[in-house]
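Please treat every number below as a calculation from the coordinates, not as lab data. Note that the structure is a prediction, hence the values are computed from the model and not measured. Heads up, the Cβs are rebuilt from the backbone with ideal geometry, glycines too, and the neighbour counts pull from every protein chain shown.
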Amino acid sequence: MQVRAVGKYVRISPQKAKLVADSIRGEKISEARKILYLMRKKAAGIVEKVLKSAIANAAQNPDIDEKILYVKEIYVNQGPALKRWRARAQGRAAKIKKRMSHITVILDEA
């Protein structure tokens with residue numbers, strides 16, 4: 001039985017979050033939490049929060065055994081981008097896109 005959690009409008013670029021998501025895909029949840037805890041990236045804390053949410057969702061269902069859960073799917077999609085301007089030389093302006101992500105974690109029993 002599958003359980004999922006979604007973190008929407010997270011202020012980190014999808015490219016950075018995908019690097020972290022790829023490292024825990026297919027791992028048991030205990031192993032995935034260790035990997036995220038030791039990883040020195042901002043995205044690791046954000047992905048760990050979504051993973052904990054999925055584990056909490058699984059705990060609500062008495063039919064699911066939390067000890068045998070693993071990360072079946074994890075993916076990061078691009079959300080909307082905040083558009084900002086930065087002053088440049090000779091009166092010009094450069095566009096800055098502050099990107100957002102939607103992070104989805106799907107857990108399943110092994």
Looking for whichever is among the hydrophobic types (A, V, I, L, M, F, W, C), touching an Asp or Glu at 6+ places or on another chain (Cβ under 9 Å) and within 14 Å of ILE103 (Cβ to Cβ) here; the options are ALA43, ALA32. Which one fits? ALA32
Do we find a residue being over 11 Å from the mean Cα position of the chain (by Cα), surrounded by 12 or more Cβ atoms within 10 Å (Cβ to Cβ), in a strand (DSSP E or B) and not small (Gly, Ala, Ser) anywhere in region 81-95? no
When region 15-54 is examined, which residues are found to be within 14 Å of VAL3 (Cα to Cα), buried (at least 18 other Cβ atoms within 10 Å of the Cβ) and without any contact (Cβ under 8 Å) to a residue 60 or more places away in the chain? VAL50, LEU51, ALA54
Matching option when the condition is out of contact with any helix residue (DSSP H, G or I) (no Cβ under 9 Å at 6 or more places or on another chain) and among the charged types (D, E, K, R), among LYS34, LYS18, LYS52, LYS67: LYS34
